[in-house]
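Below: the structure, in structure tokens.
The values are calculated or read from the model by the stated rules, or taken from the named source; none is laboratory data. Given the structure is predicted, the values throughout are model-derived calculations rather than measurements. Note that we place each Cβ from the backbone using ideal geometry, even for glycine, and neighbour counts take in every protein chain shown.
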Amino acid sequence: MTNESDLRAAVAVGVIGSGDAYRELLGAIVEVARSIFGAKASSILLYDEDTDELVFEAVVGEGEGELLGMRFPAGHGIAGWVLATHTPLIIEDVREDPRFATDVAEGTGYVPSGLMAAPLLNEERALGVLEVLDRPEQSVFSLAEMDLLGLFANQAAIAVDLLLRARRAERLLDGREDELAGVADLASKIAALEDDRREAGLRLLRELTATLGG
Amino acid sequence: MRASLSHRYLIPEPSSIRQVDGVTAHAAPEARKPLQAWSLPKEAVGGIALPSQWPEQVTREWAWEGATGKGVRVCILDSGVDAGHPLVGELESAVTVSLDDDEKIVVTEDTEGDLAGHGTACAGIVRALAPECSIASVRVLGKGFTGSGSILLAGLRYAVQEGFDVINMSLSTTKKPFAAALHDLADSAYFQRSVLVASAHNMPVESYPWRFSSVISVGSHEEEDPFTFFYNPSPPVEFFGRGVRVRAAWVGGKSVTASGNSFATPHLAGICALILSKHPDLTPFQVKSVLYLTASNVGGEG
């Protein structure tokens, strides 16, 4: 194996399946955000530059079943504004307005009465938006909560950055389907085996390498 | 009308704006924009004294009591404005900006209104404080605008060239490549007497143009009085305005309760409009000084 392919296989071990782990992390972040704010729902939307759309990447609470993977144009709405301006926004008492939060409403029929949204900032770019829907009606919003929202958004932005990196790496490996993707897949499977079977797997691999003249 | 801009002051890329159908240029009254002085001959010293009505002590009563904002042109650089909203009223103009193939700014009449609600909220807050000011909308949100700090820059460039008295910018960009150009524009606005009122970021990140000293930067306090504002002796945020649980206009003729520096900013913009309608000769430096002297934690009541 050349150094380059060594590297690819090593990267592949880390990359394959890591997208799922990062998605789980996003799920955990929205779960904690919802819990901390006592909200009915929370979600993370990612910006797809190719289509100029926002995509629901993690959803917990109201709309959980319907919204995941749903897309809508990034050029309008509250999430669109937050994404474009890199600025958080807190809106309450809006149930009377049918045009409010159309991103959520169109997908589920669920119209929140309040929404907090913060951009997921990675250096100069906004990767997406963190939304927290319907805090308890009796609670009064304060600047401390704005700070808390920002902290969550920062954490989510790091997780999103990792997820996007993993996806990029996966796409790169996918591009070499006939060659290194198979090696990467094998490496990933061996890494996931229990001790005895992993040892057997490694033995097989050594024999295969010897057969191939390594 | 537009030609008068080019020789008035140096604005970065002054010839880069192309007007498209339906947009009328509203050059600001020349009386408010005296020629720049580069030196001070002896005989001119008397001519640069402060206006005779400048009081020994600047109070809110002197600064804006009885003022309505009449004669002052306020620009809302945002998501568009819902024209005719009961809390906003009619607009002087509504445009959206885009860039053509040569990177020239193209200004078109905006027929889409507010694409998010945010601009309408800001316009409504300004209107509540300065009921007779003139409000114009420059929309910088729209399809394909995301991630493009250049549209924000183009919108601000247009607003500065239009010579609005007050420009409300309840947004910022974190894109560093645009910082230098935004800085130039903020300075151009400052020297040509356009008061640029800009939201500080709600999160601890570097963004622009609120960090520049030529603008009036605004963060939030939690008080309920719209005229309560504080001077911050620990900048870069210079003032705190009402920004928590603000009842504000929204799209579709509705209202919402909104929080964030976005909504503190138009409070200060509205107060600036009041000050300028009573004292149209003030420069942005003087307006900022008046704000300082009348701040709730300095000399102001409320």
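Data overview
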| item | result |
| --- | --- |
| Residue match in the stretch B:143-154 (condition: on the phi > 0 side of the Ramachandran plot, surrounded by fewer than 24 Cβ atoms within 10 Å (Cβ to Cβ) and within 13 Å of chain A (Cβ to nearest Cβ)) | yes |
| Residues satisfying the stated conditions in the stretch A:61-72, i.e. over 15 Å from A:VAL111 (Cα atoms) and surrounded by 18 or more Cβ atoms within 10 Å (Cβ to Cβ) | A:MET70, A:PHE72 |
| Selection within the stretch A:127-142 - more than 20 Å from A:ASP20 (Cα to Cα), buried (at least 19 other Cβ atoms within 10 Å of the Cβ) and within 12 Å of chain B (Cβ to nearest Cβ) | A:ARG135, A:PHE141 |
| Residue that is nearest to B:ASP225 (Cα to Cα), among those in the stretch B:244-256 that are more than 8 Å from chain A (Cβ to nearest Cβ) and buried (at least 23 other Cβ atoms within 10 Å of the Cβ) | B:VAL246 |
| B:MET203, sole failed condition from (1) aliphatic (A, V, I, L, M); (2) closer than 23 Å to B:PHE239 by Cβ; (3) buried (at least 24 other Cβ atoms within 10 Å of the Cβ); (4) in contact with an Asp or Glu (Cβ under 9 Å, 6 or more places away or on another chain) | (3) |
| Among (1) part of a loop (DSSP other than H, G, I, E, B); (2) surrounded by 24 or more Cβ atoms within 10 Å (Cβ to Cβ) - the single one B:PHE263 does not satisfy | (1) |
| Every residue from the stretch A:42-56 that is surrounded by fewer than 23 Cβ atoms within 10 Å (Cβ to Cβ) and in contact with a helix residue (DSSP H, G or I) (Cβ under 8 Å, 6 or more places away or on another chain) | A:LEU46 |
| Filtered residue count, the stretch B:213-224, keeping only those that are under 14 Å from B:ASN297 (Cα atoms) and acidic (Asp, Glu) | 1 |
| Yes/no for A:LEU173 being among the aliphatic types (A, V, I, L, M) and modelled with pLDDT of 85 or more | no |
| Near pairs, Cβ below 6 angstrom, 6+ apart or cross-chain, from the stretch A:54-76 (among the basic types (Lys, Arg)) to any residue that is part of a strand (DSSP E or B) | A:ARG71/A:GLU53; A:ARG71/A:VAL55 |
| Count of the stretch A:53-79 residues which are within 14 Å of chain B (Cβ to nearest Cβ) and at pLDDT 90 or above | 4 |
| Subset of the stretch B:192-215 (residues that are in contact with a Phe, Trp or Tyr (Cβ under 6 Å, 6 or more places away or on another chain), away from chain A (no Cβ under 14 Å) and modelled with pLDDT of 95 or more) | B:SER194, B:SER214 |
| A:GLU92 in contact with a helix residue (DSSP H, G or I) (Cβ under 7 Å, 6 or more places away or on another chain), farther than 18 Å from B:LEU152 by Cα and in contact (Cβ under 8 Å) with a residue 24 or more places away in the chain | no |
| Qualifying residue in the stretch B:210-222 (condition: assigned to a loop (DSSP other than H, G, I, E, B), out of contact with any Gly (no Cβ under 9 Å at 6 or more places or on another chain), in contact (Cβ under 8 Å) with a residue 24 or more places away in the chain and basic (Lys, Arg)) | yes |
| Residue in the stretch B:155-176 that is surrounded by fewer than 24 Cβ atoms within 10 Å (Cβ to Cβ), among the small types (Gly, Ala, Ser), within 11 Å of another protein chain (Cβ to nearest Cβ) and in contact (Cβ under 8 Å) with a residue 12 or more places away in the chain present | no |
| Residue that is closer than 27 Å to B:HIS85 by Cα and among the acidic types (Asp, Glu), where the choices are B:GLU222, B:GLU238, B:GLU301 | B:GLU222 |
| Condition met for B:ALA198 (under 19 Å from B:GLY270 (Cβ atoms) and touching a strand residue (DSSP E or B) at 6+ places or on another chain (Cβ under 8 Å)) | yes |
| Selection count where residues are within 23 Å of B:LEU153 (Cβ to Cβ) and touching a Phe, Trp or Tyr at 6+ places or on another chain (Cβ under 9 Å), scope the stretch B:81-91 | 0 |
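Quick grid of which residues meet (1) touching a Pro at 6+ places or on another chain (Cβ under 7 Å); (2) at positive phi:
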| position | (1), (2) |
| --- | --- |
| B:ALA248 | no, no |
| B:GLY260 | yes, yes |
| B:HIS267 | yes, no |
| B:GLY270 | no, no |
| B:HIS279 | no, no |
| B:THR283 | no, no |
